[in-house]
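Report on the structure given below.
The values are calculated or read from the model by the stated rules, or taken from the named source; none is laboratory data. What you see is a predicted model, and the numbers here were worked out from it, not measured in a lab. Here the Cβ is made from the backbone with ideal geometry for all residues, glycine too, and neighbour counts use every protein chain on show. Note: accessible area is taken over every heavy atom of the protein model, side chains too, but ligands, DNA and RNA are not part of it. Shrake-Rupley method; radii C 1.70, N 1.55, O 1.52, S 1.80 Å.
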Amino acid sequence: AGGSRRAPRSALGGRLFGRVKDELAEKPPSPETTAETPIRPATPYPKVEVYSLGKLEVLVDGRKVSDAEWQSQKSKELFLYLLCHRSGKRREELLEVLWPDLSAGLSRNALYNNVHRTRKAVFHDCIVLEDGQYKLNPRVEGWFDLEEFQRLAREADEQPGGSEKRASLLGQAIKLYRGSFLPEFYAEWANAIRLEAEPQYLRSLARLAGFHAAKGNYQESTRLLQDLLNVDNMDEAAQEEMVKLLIRSDNLS
């Protein structure tokens, strides 16, 4: 009862330690020790495929990069953030977005560590430094489901309503949407993309459902509306259309 008592660690200190302990586990050479990262044009870079709608998967020449290879969530986030901002980001921008709560010294060290980890996980030249900006190597052949989904949805919008071409594009876009964008990340930048992609998906479902309803394919239209309501069960227009379709289907049976 009369012995000395250790002072409790502050809540702030505990959170800070938890956030940075894995970032500072190792300190590789800074990627800015040279002015720029040289790109080796003769190197046969691997093909990179990224699935971000639903469960995250990164494939390098068909092989999935494991969690153990990433070493930290931040290395994944850095890779995905640069993938969504292909023109590149300056160091200060990356620190502000990815490590906003850390001091300048700790955040710079965290950036260098996670650039190093990402290069080990994917391949060495996957992140380059050009004109003072970090970016994914523009010479790498890659495929990104979010970009393809958005492209297909935009092309569908440009087609005449009710056309087979529009329906085909909508169907392809819907198949790519396996779930919300990067659900494992709670960062503001990822949430902003989610808030853009999900309405695109819901609009695509509604438009394709309307196409099939007009063709008398009520079963397929009902299925698409149910997928829509599984995401947004408060959509009154979809609920009303679902009731109409069920009535029509009953009248035909």
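Kindly indicate which of Ala213, Ala173 is closer than 30 Å to Phe123 by Cα and either of a type in the set (A, V, I, L, M, F, W, C) or touching a Lys or Arg at 6+ places or on another chain (Cβ under 8 Å) (or both).
Ala173
Any residue in region 154-170 that is touching a residue at least 12 places away in the same chain (Cβ under 8 Å) and closer than 26 Å to Lys47 by Cβ?
Among the residues of region 154-170, at least one is touching a residue at least 12 places away in the same chain (Cβ under 8 Å) and closer than 26 Å to Lys47 by Cβ, which makes the answer yes.
So Ala68 passes all but one of these: (1) within 28 Å of Leu195 (Cα to Cα); (2) of a type in the set (A, V, I, L, M); (3) part of a helix (DSSP H, G or I). Which condition number does it fail?
Checking Ala68 against (1) within 28 Å of Leu195 (Cα to Cα); (2) of a type in the set (A, V, I, L, M); (3) part of a helix (DSSP H, G or I), the one that fails is (1).
Tell me which residues, restricted to region 233-253, are within 26 Å of the chain's Cα centre (by Cα) and either surrounded by 14 or more Cβ atoms within 10 Å (Cβ to Cβ) or not in a loop (DSSP other than H, G, I, E, B) (or both). Steps first, please.
If we filter region 233-253 for residues that are within 26 Å of the chain's Cα centre (by Cα), which is where we start, we get 233-235.
Selection gives Asp235 alone.
Looking at region 178-212, which of its residues are hydroxyl-bearing (Ser, Thr, Tyr) and either at pLDDT 95 or above or touching a strand residue (DSSP E or B) at 6+ places or on another chain (Cβ under 9 Å) (or both)? Write out each step before concluding.
To start, the set of residues in region 178-212 that are hydroxyl-bearing (Ser, Thr, Tyr) comprises 180, 186, 201, 204.
Ser180, Tyr201, Ser204 - these are the residues of region 178-212 that are hydroxyl-bearing (Ser, Thr, Tyr) and either at pLDDT 95 or above or touching a strand residue (DSSP E or B) at 6+ places or on another chain (Cβ under 9 Å) (or both).
Here's a check for you: in region 34-56, which residue that is over 18 Å from the mean Cα position of the chain (by Cα) and open to solvent by less than 60 Å² (accessible area, probe 1.4 Å) is modelled with the lowest pLDDT?
Per the criteria, the residue is Ile39.
Quickly run through region 208-232 and pick out the residues that are assigned to a loop (DSSP other than H, G, I, E, B) and touching a helix residue (DSSP H, G or I) at 6+ places or on another chain (Cβ under 8 Å).
Hit for region 208-232 is Asp232, nothing else.
Checking the structure you have, find out if any residue of region 94-101 is of a type in the set (A, V, I, L, M), more than 22 Å from Pro183 (Cα to Cα) and either modelled with pLDDT under 60 or in contact with a Phe, Trp or Tyr (Cβ under 8 Å, 6 or more places away or on another chain) (or both).
no
In region 187-201, is there at least one residue being open to solvent by 30 Å² or more (accessible area, probe 1.4 Å) and of a type in the set (Ser, Thr, Tyr)?
Looking for residues that are open to solvent by 30 Å² or more (accessible area, probe 1.4 Å) and of a type in the set (Ser, Thr, Tyr), one finds none in region 187-201, hence no.
Which ones in region 92-116 are among the charged types (D, E, K, R) and either touching a residue at least 60 places away in the same chain (Cβ under 8 Å) or surrounded by 18 or more Cβ atoms within 10 Å (Cβ to Cβ) (or both)? Steps first, answer last, please.
Pass one, region 92-116, residues among the charged types (D, E, K, R): 92-93, 96, 101, 108.
Hits for region 92-116 are Asp101, Arg108.
Considering each residue of region 76-109, count those that are part of a helix (DSSP H, G or I), within 21 Å of the chain's Cα centre (by Cα) and more than 20 Å from Pro138 (Cβ to Cβ), and give that number. Walk me through it before giving the result.
Of the residues in region 76-109, the ones part of a helix (DSSP H, G or I) are 76-84, 91-98, 104-109.
Those still in the list that are within 21 Å of the chain's Cα centre (by Cα) too: 76-84, 91, 93-98.
Cutting the leftovers down to more than 20 Å from Pro138 (Cβ to Cβ) gives us 76-77, 95-98.
Of the residues in region 76-109, 6 are part of a helix (DSSP H, G or I), within 21 Å of the chain's Cα centre (by Cα) and more than 20 Å from Pro138 (Cβ to Cβ).
For region 123-136, what are the residues that are closer than 17 Å to Glu49 by Cβ and open to solvent by 10 Å² or more (accessible area, probe 1.4 Å)?
Scanning region 123-136 gives Phe123, Leu136.
Considering region 142-170 alone, what residues qualify as being open to solvent by 20 Å² or more (accessible area, probe 1.4 Å) and in a helix (DSSP H, G or I)?
Of everything in region 142-170, those that are open to solvent by 20 Å² or more (accessible area, probe 1.4 Å) and in a helix (DSSP H, G or I) turn out to be Glu147, Glu148, Gln150, Arg151, Arg154, Glu155, Asp157, Glu158, Glu164, Lys165, Arg166, Ser168.
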